[in-house]
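Student: Supplied in structure tokens, the structure appears directly below.
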Amino acid sequence: MDLRDYFSAIFDFSDYGQLLPLVANSIWAAAILGLVGGLIGTFVLMRDLAFAVHGIAELSFAGAAFALLIGANVVIGSLAGSVAAAVLLAVMGLKARDRNSVTGVIMPFGLGLGILFLGLYEGRSANKFGLLTGQIVAVDTVQLNLLAGTAVVVIAGLVLIWRPLTFASADPELAEARGVPVRVLSIVFMILLGLSVALSIQVVGALLVLSLLITPSAAALLVTSSPRLVVLLSVAFAVTSAVGGILLALGGRISISPYITTISFLIYLVCRLIKRMRTKGRAQTGATVRA
């Protein structure tokens, strides 16, 4: 293959108009998942849970692989694995050091189980690959309804605990001294995080789930310190990455995850560049004032 063949494998929009109406469910699903990822990602960074997200994703992958093996609903299997991992991390690893060590134990165990179940599965290889790299282009109405229902649960849960969770995430010791149920909030949030990870896996797969739950929020934090604006930008970045990834993936022959992760990474780079330019401008202004 020459360079032109590689490019056509990534971007080929010859039948784009015919394919676009067939993925309406996928676009709605991507928008929903981007909304959830952008909302919960802010708290993930505040609570230093980026590594935990990866650990939850591996056990979610194992649950989805087991469901695929026995012919059950893959989304249900993924949700079960995620929630199990989230509860385990919440109970065993309240402190950051304990949480990281528990995550380090869960990650290889979940990945090993997932590989075992996929090795026993004798169906289509595309189904196996989709668990790792995403397969949202084939979302049907039943899956969309399940994703939407789970997303409503996550968003409603976040709304109910938003203020005390923000306080507990910013200063857990002071929050506990003020009577905030920090331990309960931690468990509830980890369950919501587990649900969000399971949803995100449907888009980018188990290997690249951080691109929807971490990168958009990290980019938002680079350009603003306003809590409300961070949330809004995080949601906007996540939705742009998810929906934009689907729209670009329609014109290629590869899985959807590289498109989503690339868009998300480019947004992060632009935000970092904006921060650098602002910092340089403030330094020049300060030097002018002193002079």
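Student: If I ask for residues that are surrounded by fewer than 24 Cβ atoms within 10 Å (Cβ to Cβ), part of a helix (DSSP H, G or I) and either touching a Lys or Arg at 6+ places or on another chain (Cβ under 6 Å) or free of Cβ contacts under 8 Å to residues at least 60 places away in the same chain (or both), which ones from region 36-62 would you list?
Tutor: PHE51
Student: Shifting gears a bit: Select the helices (runs of 4 or more DSSP H) contained entirely in region 142-261, then report the ones holding at least 2 residues which are at pLDDT below 90 and within 30 Å of VAL102 (Cβ to Cβ).
Tutor: 172-177, 182-204, 210-213, 227-249
Student: Right, here's the next one. Report, by residue number, each residue of region 203-231 that is over 19 Å from ALA170 (Cβ atoms) and without any contact (Cβ under 8 Å) to a residue 40 or more places away in the chain.
Tutor: none
Student: Please work out if LEU33 is at pLDDT below 85, crowded, with 23+ Cβ neighbours inside 10 Å and assigned to a helix (DSSP H, G or I).
Tutor: For LEU33, the condition - at pLDDT below 85, crowded, with 23+ Cβ neighbours inside 10 Å and assigned to a helix (DSSP H, G or I) - is not met.
Student: Restricted to region 151-175, and to residues that are more than 10 Å from LEU192 (Cβ to Cβ) and in contact (Cβ under 8 Å) with a residue 60 or more places away in the chain, which residue is surrounded by the fewest Cβ atoms within 10 Å (Cβ to Cβ)?
Tutor: So, considering only residues that are more than 10 Å from LEU192 (Cβ to Cβ) and in contact (Cβ under 8 Å) with a residue 60 or more places away in the chain, the one surrounded by the fewest Cβ atoms within 10 Å (Cβ to Cβ) is ALA170.
Student: While we're looking at this one, here's another question. Anything in region 233-261 that is surrounded by fewer than 20 Cβ atoms within 10 Å (Cβ to Cβ), over 23 Å from LEU221 (Cα atoms) and of a type in the set (Val, Ile, Thr)? List them, or say none.
Tutor: ILE254, the sole residue that qualifies.
Student: Return yes when SER264 is part of a helix (DSSP H, G or I) and hydroxyl-bearing (Ser, Thr, Tyr) and no when it is not.
Tutor: So SER264 passes the test.
Student: Considering PHE7, PHE66, which residue is buried (at least 17 other Cβ atoms within 10 Å of the Cβ) and either part of a helix (DSSP H, G or I) or modelled with pLDDT of 85 or more (or both)?
Tutor: Going through PHE7, PHE66 in turn, just one is buried (at least 17 other Cβ atoms within 10 Å of the Cβ) and either part of a helix (DSSP H, G or I) or modelled with pLDDT of 85 or more (or both): PHE66.
Student: I would also like to ask the following. Output the residue which, of all residues in region 95-141 that are at pLDDT 80 or above and outside any helix (DSSP H, G or I), is most open to solvent (accessible area, probe 1.4 Å).
Tutor: GLU122
Student: Residue check: is ALA90 open to solvent by less than 70 Å² (accessible area, probe 1.4 Å), modelled with pLDDT of 70 or more, among the small types (Gly, Ala, Ser) and farther than 19 Å from ALA67 by Cα?
Tutor: yes
Student: Further, regarding this structure: Tell me which residues, restricted to region 197-213, are on the phi < 0 side of the Ramachandran plot and open to solvent by less than 20 Å² (accessible area, probe 1.4 Å).
Tutor: Scanning region 197-213 gives VAL197, ALA198, LEU199, SER200, ILE201, VAL203, VAL204, ALA206, VAL209, SER211, LEU212, LEU213.
Student: Somewhere in region 274-291, is a residue part of a helix (DSSP H, G or I), buried (at least 18 other Cβ atoms within 10 Å of the Cβ) and at pLDDT 85 or above?
Tutor: No, the conditions are met nowhere in region 274-291.
The values are calculated or read from the model by the stated rules, or taken from the named source; none is laboratory data. The structure presented is a predicted model; accordingly, all values stated were derived computationally and were not measured. Using ideal geometry, Cβ is built from the backbone for each residue, glycine included, and neighbour counts are taken over all protein chains shown. Protein only, heavy atoms only, side chains kept; ligands, DNA and RNA dropped before computing areas. Shrake-Rupley method; radii C 1.70, N 1.55, O 1.52, S 1.80 Å.
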